[in-house]
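Here is the structure we will look at, set down as structure tokens.
The values are calculated or read from the model by the stated rules, or taken from the named source; none is laboratory data. Source: prediction; values computed, not measured. Every residue, glycine as well, gets a Cβ built from its backbone with ideal geometry; the counts of neighbours run over all protein chains shown. SASA here: full protein model, heavy atoms, side chains in, ligands and nucleic acids out. Shrake-Rupley method; radii C 1.70, N 1.55, O 1.52, S 1.80 Å.
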Amino acid sequence: DAVISSSFESSIGIWTLANLAGTESHSSVTAGLDTLKWFKTDVLNSPISIQKGKVDISERTIQAKDINFDVLKKLK
């Protein structure tokens with residue numbers, strides 16, 4: 001079985017990993033994606049919700065308009 005886990009991704013990274021984990025329909029391994037609680041701010045205007053260890057990926061898409069670019073730091 002594949003194990004999908006995160007270190008400290010933003011909502012965009014968690015969303016991507018949750019979608020990847022969702023493709024593994026026969027896996028009995030739980031994905032370790034609940035790291036958003038450690039962030040003071042997130043890159044999404046409305047961060048994804050993780051309730052009781054579950055991410056509902058069926059009702060949401062992420063688009064550029066959803067990203068809060070003000071919290072991103074420009075790299076030189």
**In the stretch 8-30, residue nearest to Ser58 (Cα to Cα) [restricted to those that are at pLDDT 75 or above, among the small types (Gly, Ala, Ser) and open to solvent by less than 40 Å² (accessible area, probe 1.4 Å)]** = Ala18
**Prompt:** In the stretch 31-52, is there at least one residue being in contact (Cβ under 8 Å) with a residue 40 or more places away in the chain and among the aliphatic types (A, V, I, L, M)?
**Reply:** no
**Asked** Does Ser5 meet the test of being at pLDDT below 80, touching a Gly at 6+ places or on another chain (Cβ under 9 Å) and open to solvent by 70 Å² or more (accessible area, probe 1.4 Å)?
**Response** yes
**Prompt:** Hey, does the stretch 9-23 have a residue that's in a loop (DSSP other than H, G, I, E, B), under 14 Å from the mean Cα position of the chain (by Cα) and not β-branched (Val, Ile, Thr)?
**Reply:** yes
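Do you know which of the residues in the stretch 44-65 that are of a type in the set (Ser, Thr, Tyr) and under 17 Å from Thr23 (Cβ atoms) is modelled with the highest pLDDT?
If we take residues in the stretch 44-65 being of a type in the set (Ser, Thr, Tyr) and under 17 Å from Thr23 (Cβ atoms), then Thr61 is modelled with the highest pLDDT.
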